[in-house]
Amino acid sequence: MLIGVAGLALAGCAGGGDDDAPDGQAGGGGGGGGDQVTLTVATFNEFGYEELFEQYMTENPNITIEHTKADTADNARDALRNSLGANAGAADIEAVEVDWLVEFMQYPDKFADLSSPEVEGRWLDWKVDAATTDDGKLIGYGTDIGPEAICYRADLVEAAGFPSDREGFAEWIGDSWDSYFAAGREFVAASDAAWYDSAGALWQGMTNQIEVPYETPEGEIVAATNPEVRAAYDAVLKASVEDGLSAHLGQWSTDWAQSFQGDEFATMLCPGWMLGIIEGNAAGVEGWDIANVVPGGGGNWGGSYLTVPAQGDHVEEAIALAQWLTAPEQQIQAFLAKGTFPSQPAAYEDPALVDSTNAFFNDAPTGQIFIDRANAVEFQPYKGPNYFVINTAIQDAITRVDVDGSADAESSWAQFVSDVEAIG
Amino acid sequence: MSTVTDAPTRTRGRRPDDDRPPRRIGLSQRLGTWDVKLSPYLYISPFFVLFAITGLFPLLYTAYVSMHDWDQIMGQGEFVGLEHFRFVLGHSDFWVSLRNTISIFLLSSVPQVLVAITLAALLDSNLRARTFWRMGVLLPYVVAPVAVSLIFSNLFADRFGLVNAALGLIGVEPIRWHSDPLASHVAIATMVNFRWTGYNALIFLAAMQAIPRDLYESAWIDGAGRVRQFFSITVPMLRPTIIFVAITSTIGGLQIFDEPRLFDQYGRGGAGSQWKTLTIYLYELGWTQSNFGRASAVAWLLFLVIVAFGLVNLAVTRRIADTR
């Protein structure tokens, strides 16, 4: 019935789910032979699956895989929401980002239960926990995670007279946000560059270290009253505006992307998937390096899951494919192709991952660094159904102060509180 | 009207030797009359049938949705009457979006129509390589909005943008295109104007060419200059076209979505709602917050705003064109 309202938006994605053959009696499992099955897989950004699909189709001649890739995660989210609302049009396998996984966890009936003895213990505990409903239903198979480290411009740090080698730098900035900001104050006093790119980017790191940031598991919205949230908000804005540590760039903006070509800032929070983005934006700039540390302990930023919407015609075949894709061996292939860091601990023993280095980041042993960073992550913050909306509202609040300069911390917080109250 | 009365005569006249019985002539005559009376409606009916399905039904259905709690995925909830309208009208975001929408609309539509009409007058004069110039003004219209936004986001970047770099050369302080509401409206209106001015100019040009040339000749003999001719002949003769362009650009301008959505990396209209338009607000309610009830309420309010503006527009353009 929703088609009436969402008709225009839907027109583009209808017809993805239904295939040619009415194969009511299709045998279970992936390799049963017999009928030809076409599986659609919807991803966004880069999952590194292109070659894996070819391999799977060669090994399973009865399976044809069609891959659709959304340009941004937000568009993928909107498309999946539309398909679930209309009960038609979803792909057989839909990739879901961790930040909006929680929204879909509200509708477990819309997804197939993926739990199976074969995949027990395959992922890091917190990765599985985030995709498991209260009654034990597994909604998604983990693909990658985003363990955070600090990327920095060794040349700028050295020019300002501070230790610039990986170990020395890590020791200097310490392992708390206070020591990181203190090092920043020393740095900006000795350099023209800012300490970090954007308050909003740091916020992502800080909020990922709060166990219950915005909503309680009981469903109460506490974002506006949670003292931990307020303390982190005040700390990041004091450092950004009063201490002048921020380069006042909105993350992902045109200015932000351009700024990598100059000497605008010295450090930034970098989850594994950020390396490729830095390398792309900072092409031709020398001096980037990466430190095996993150203020405030470990943290995870981003990462995805593969889900199987229950509305599909080939749920069993889709589950088999999703299981195969998220096995450690395949995830390492994806990592080597696009740098998506595995969420499967078994992969951390693999020499292909352990020994990998990154030439752009001064040959840093990125494999080992991110394995250490992944092991340092102790929990994933509790994210309720309104996480995306609340986090957007507080990011806007920070942007108003840090980037736009159109409000001070106090009035921007008041606006955030009223935004949160409007949710309902 | 003349076709209506002519048609049966013509059918009869075409078959002078036909000696079928009178009864059958009577039937074919009646069929002919039906044909003449009904056919025109039948020919235009596909549009109205399509409109009923894709336009009217969603319109009414949206009204139905707007009176219920309605989750995007779970669908219909309880009946809540006008509660969503009350919420939306009581929320500052709606009024800010309305302000932004009207501001961007005025900054785009008004200059657009004025420039388009001037451009059309220039193109209507004797130019060398006329077709080249005429196609030239249409070129921006062919460029996809996404590409336009990409180009303009580089032009209007706050810190490393071309426009600010150029302003810096003549000693003007950089403009905060993404922070200051008015500056962001100007930037977005520029994108809209870039795309639509040429299109409207061609519509005006087509209408201008239908104006009988002897009017200009008589005016010329009476001693009227080019400017006088433009205001005393061209503009009044363009009246229906001006009304058409004004109405379509009002509807388009108030529904503006692509340009503000692509103006920054998030597409939410700015952290402080600097350039959040009504359509972006609607999208945010429906697709980010999953609240189709509220989104439908905004859709209806937007519809009413457009109708109101359309009527004002009609009155104003009538007045302008009538005064001659």
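Data overview
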{"quantity": "Single residue of region A:83-100 satisfying the filter (in a helix (DSSP H, G or I) and either surrounded by fewer than 22 Cβ atoms within 10 Å (Cβ to Cβ) or within 13 Å of chain B (Cβ to nearest Cβ) (or both)) that is nearest to the chain's Cα centre (by Cα)", "calculated": "A:D99"}
{"quantity": "The listed residue being free of Cβ contacts under 8 Å to residues at least 40 places away in the same chain, surrounded by fewer than 23 Cβ atoms within 10 Å (Cβ to Cβ), touching a Gly at 6+ places or on another chain (Cβ under 6 Å) and within 14 Å of another protein chain (Cβ to nearest Cβ), out of A:S406, A:S411", "calculated": "A:S406"}
{"quantity": "Number of the exception - A:A257 against (1) assigned to a loop (DSSP other than H, G, I, E, B); (2) among the small types (G, A, S); (3) touching a helix residue (DSSP H, G or I) at 6+ places or on another chain (Cβ under 7 Å)", "calculated": "(1)"}
{"quantity": "Only listed residue being away from chain A (no Cβ under 14 Å) and among the β-branched types (V, I, T), chosen from B:I188, B:I151", "calculated": "B:I188"}
{"quantity": "Matching option when the condition is buried (at least 21 other Cβ atoms within 10 Å of the Cβ), among the hydroxyl-bearing types (S, T, Y) and out of contact with any strand residue (DSSP E or B) (no Cβ under 9 Å at 6 or more places or on another chain), among A:T254, A:T267", "calculated": "A:T254"}
{"quantity": "Flag for A:F388 being closer than 30 Å to B:A295 by Cα, modelled with pLDDT of 95 or more and of a type in the set (F, W, Y)", "calculated": "no"}
{"quantity": "Hey, B:V88 assigned to a helix (DSSP H, G or I) and either in contact with a Cys (Cβ under 8 Å, 6 or more places away or on another chain) or farther than 30 Å from A:F111 by Cβ (or both) or not", "calculated": "yes"}
{"quantity": "Matching residues, region A:60-74, being farther than 23 Å from A:D99 by Cα and surrounded by fewer than 18 Cβ atoms within 10 Å (Cβ to Cβ)", "calculated": "A:P61, A:N62, A:T64, A:E66"}
{"quantity": "Answer from B:L38, B:L42, B:L98 - the residue that is in contact (Cβ under 8 Å) with a residue 40 or more places away in the chain, on the phi < 0 side of the Ramachandran plot and either within 14 Å of another protein chain (Cβ to nearest Cβ) or outside any strand (DSSP E or B) (or both)", "calculated": "B:L98"}
{"quantity": "Failed item in (1) in a loop (DSSP other than H, G, I, E, B); (2) away from every other protein chain (no Cβ under 14 Å); (3) farther than 30 Å from B:G286 by Cα, with B:M135 passing the rest", "calculated": "(1)"}
{"quantity": "Selection from region A:64-79 of residues that are out of contact with any Phe, Trp or Tyr (no Cβ under 7 Å at 6 or more places or on another chain) and assigned to a strand (DSSP E or B)", "calculated": "A:T64, A:E66, A:T68"}
{"quantity": "Region B:77-93: number of residues that are within 11 Å of chain A (Cβ to nearest Cβ) and within 27 Å of B:H185 (Cβ to Cβ)", "calculated": "6"}
{"quantity": "Qualifying helices (runs of 4 or more DSSP H) (wholly inside region B:205-324; at least 2 residues being within 30 Å of B:I151 (Cβ to Cβ) and either of a type in the set (S, T, N, Q) or within 14 Å of chain A (Cβ to nearest Cβ) (or both))", "calculated": "B:239-254, B:258-261, B:278-283"}
{"quantity": "Residue count, region B:154-174 (criterion: within 13 Å of another protein chain (Cβ to nearest Cβ) and of a type in the set (V, I, T))", "calculated": "1"}
{"quantity": "Residue in region B:46-73 that is surrounded by the most Cβ atoms within 10 Å (Cβ to Cβ), counting only those that are touching a Gly at 6+ places or on another chain (Cβ under 7 Å) and more than 9 Å from every other protein chain (Cβ to nearest Cβ)", "calculated": "B:S66"}
{"quantity": "Residue among A:V389, A:V417 that is within 14 Å of chain B (Cβ to nearest Cβ), out of contact with any helix residue (DSSP H, G or I) (no Cβ under 8 Å at 6 or more places or on another chain) and outside any loop (DSSP other than H, G, I, E, B)", "calculated": "A:V417"}
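The values are calculated or read from the model by the stated rules, or taken from the named source; none is laboratory data. The structure presented is a predicted model; accordingly, all values stated were derived computationally and were not measured. Methodologically, a virtual Cβ is constructed for each residue, glycine included, from the backbone with ideal geometry; neighbour enumeration extends over all protein chains shown.
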